[in-house]
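The values are calculated or read from the model by the stated rules, or taken from the named source; none is laboratory data. Keep in mind the model is a prediction, meaning the values are calculated, not measured. Backbone-built Cβ (ideal geometry, glycine too); neighbour counts: all protein chains shown.
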Amino acid sequence: MSQPNGGTFDIVILGAGSGGYAAALRAAQFDLKVALIDKAELGGTCLHRGCIPTKALLHAAEIADQTRESEQFGVKADLVGIDMAGVNAYKDGVVGRLFKGLTGLLGHNKNITIVQGEGKLVSKDTVEVNGQRYTGRNVILATGSYSRSLPGLEVDGERVLTSEHALKLDRVPQSAIVLGGGVIGVEFASVWKSFGADVTIIEALPRLVAAEDEEISKQVERAFRKRKINFKVGKPFEKVEKTENGVKVTIAGGETLEAEVLLVAVGRGPTTANLGYEQQGITLDRGFVIVDERLRTGVGNIYAVGDIVPGLQLAHRGFQQGIFVAEEIAGKNPAVIDEAGIPRVTYSDPEVASVGITEAKAKEQYGDDKVSTYNYNLGGNGKSQILKTAGFIKLVRVNDGPVVGVHMVGARVGELVGEAQLITNWEAFPEEVAQLVHAHPTQNEALGEAFLALAGKPLHAHS
């Protein structure tokens with residue numbers, strides 16, 4: 001499985017996260033010989049310290065809320081408490097099973113050599129690991145990202161945490177301040193609130209989940225107020241001090257807040273420092289590797305994928321880019337990935353899911369008078385009523401043209417983004433989607449109803 005003494009390969013991949021391992025598996029299908037190098041575990045951040053463990057926590061949080069609120073469904077149950085050891089065992093079990101599956105898949109592939117160790121790019125076609133050189137006719141950089149902090153903000157892993165530390169906590173903090181109201185911040189705030197903590201989010205931008213459509217942000221804020229999750233937007237962080245039993249955070253305007261822990265969720269930075277990239281002539285911008293639309297760096301046959309490439313830092317984007325580059329190297333000339341067509345999901349309660357562009361972006365791109373929108377309230381959807389969720393689906397279309405954005409908020413809307421993605425990526429017209437039959441009773445019907453309305457034939461909605 002492992003070849004500790006170097007050699008020459010068709011592709012040398014530095015990083016075995018979503019982008020790196022997808023490239024390895026796809027390249028192996030073309031009978032290309034691959035060296036897959038990583039200093040940590042196969043699967044990278046997403047599997048071990050990101051998407052998978054956080055979603056397991058969020059599911060446990062959902063169970064806690066359902067138990068707490070079971071009476072409204074006619075089920076009598078008491079929430080005795082949260083056993084963090086039990087929650088972590090469940091979470092680690094999920095990660096462990098997926099890791100075992102991935103290790104088996106890669107390890108049994110005769111075309112893939114797995115090399116464990118810290119790799120460094122030492123020439124335009126060579127990565128050095130553990131003193132051995134692995135030369136590739138092609139090289140793929142897939143070194144991922146790390147949790148950023150802010151100047152003057154020292155993470156100690158005990159009172160000042162990153163998401164990695166938060167995932168390993170053996171207790172539910174009584175109170176928490178979450179610095180950053182983006183995806184990671186709102187997901188952890190949602191979990192901790194469900195587990196019984198007192199939570200406050202601090203965000204420098206004017207709204208929570210600021211990358212989403214403005215109306216979606218407003219609905220998330222409304223839901224968080226209802227859940228008694230506190231948040232302060234438009235309030236940049238100034239400083240943090242340790243107190244006897246926690247932290248004291250000062251924000252713009254001199255206001256101070258105290259809590260047991262501070263979670264730093266101000267985004268993720270590219271892992272590109274001290275890896276030899278610049279020495280080989282690769283262009284970096286604030287640490288990100290600059291590539292063309294075919295993910296080439298412009299230096300030799302070196303490509304870059306995933307979180308180190310400017311754009312959405314999403315595991316499924318890295319995964320798709322890895323497949324794309326393997327196919328490109330194999331001479332299959334794959335279609336360029338449309339960044340706007342990549343679905344995005346925030347797994348808080350309520351969930352947020354979107355694909356395509358926001359109303360503001362559409363107006364900027366096509367002109368104010370060329371864009372129309374339609375909001376379908378989930379209150380009119382049978383399954384959403386059963387789930388007792390509030391929210392809506394917002395469609396953004398170019399007049400007399402296709403739908404260019406689908407934005408959703410409410411319980412489980414992440415499961416609807418697959419159809420939404422097909423609609424926007426295939427540039428469907430509302431009339432075409434309105435012909436499709438959506439199963440009843442599903443939340444999926446809400447998408448169908450929204451398109452019926454946009455096509456000028458609303459049945460359960462006012463046009």
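The figures follow:
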quantity: Count of residues meeting criterion [in contact (Cβ under 8 Å) with a residue 40 or more places away in the chain and touching a strand residue (DSSP E or B) at 6+ places or on another chain (Cβ under 8 Å)] in segment 355-371; calculated: 7
quantity: Selection status of Val305, under 30 Å from Gly410 (Cβ atoms) and touching a strand residue (DSSP E or B) at 6+ places or on another chain (Cβ under 7 Å); calculated: no
quantity: Residue within segment 409-419 that is among the aliphatic types (A, V, I, L, M), part of a helix (DSSP H, G or I) and either out of contact with any helix residue (DSSP H, G or I) (no Cβ under 9 Å at 6 or more places or on another chain) or farther than 17 Å from Asn375 by Cα (or both) present; calculated: yes
quantity: Checking Tyr374 against (1) in a strand (DSSP E or B); (2) under 17 Å from Gly456 (Cα atoms); (3) in contact with an Asp or Glu (Cβ under 9 Å, 6 or more places away or on another chain), the condition it does not meet; calculated: (3)
quantity: Checking Gly414 against (1) among the small types (Gly, Ala, Ser); (2) buried (at least 23 other Cβ atoms within 10 Å of the Cβ); (3) within 22 Å of the chain's Cα centre (by Cα), the condition it does not meet; calculated: (2)
quantity: Single unsatisfied condition, Ile216 versus (1) of a type in the set (A, V, I, L, M); (2) closer than 27 Å to Asp349 by Cα; (3) part of a loop (DSSP other than H, G, I, E, B); calculated: (3)
quantity: Qualifying residues in segment 223-259 (those that are touching a residue at least 60 places away in the same chain (Cβ under 8 Å) and not in a strand (DSSP E or B)) - the one farthest from Leu167 (Cα to Cα); calculated: Ala223
quantity: Given (1) part of a loop (DSSP other than H, G, I, E, B); (2) more than 25 Å from the chain's Cα centre (by Cα); (3) of a type in the set (D, E, K, R), number of the condition Glu427 does not satisfy; calculated: (2)
quantity: Qualifying positions in segment 272-289 - out of contact with any Leu (no Cβ under 7 Å at 6 or more places or on another chain) and either outside the structural domain of Val305 (by TED's automatic domain parsing) or of a type in the set (A, V, I, L, M, F, W, C) (or both); calculated: Ala273, Ile282, Leu284, Phe288
quantity: Cβ pairs under 9 Å, 6+ apart, first in segment 93-113 and farther than 26 Å from Phe9 by Cβ, second modelled with pLDDT of 95 or more and not in a helix (DSSP H, G or I); calculated: Val95/Gly43; Leu98/Gly43
quantity: Positions within segment 340-356 being surrounded by fewer than 21 Cβ atoms within 10 Å (Cβ to Cβ) and either at pLDDT below 95 or in a loop (DSSP other than H, G, I, E, B) (or both), in sequence order; calculated: Ala340, Ile342
quantity: Test: Ala223 is in contact with a strand residue (DSSP E or B) (Cβ under 6 Å, 6 or more places away or on another chain), surrounded by 19 or more Cβ atoms within 10 Å (Cβ to Cβ), closer than 24 Å to Glu62 by Cβ and small (Gly, Ala, Ser); calculated: no
quantity: Filter pass, Leu262 being assigned to a strand (DSSP E or B), at pLDDT 95 or above and of a type in the set (A, V, I, L, M); calculated: yes
quantity: Qualifying residue in segment 315-329 (condition: modelled with pLDDT of 95 or more and farther than 24 Å from Leu47 by Cβ); calculated: yes
quantity: Residue selected from segment 266-303 under the condition touching a residue at least 40 places away in the same chain (Cβ under 8 Å) and basic (Lys, Arg), by the criterion nearest to Ser145 (Cα to Cα); calculated: Arg268
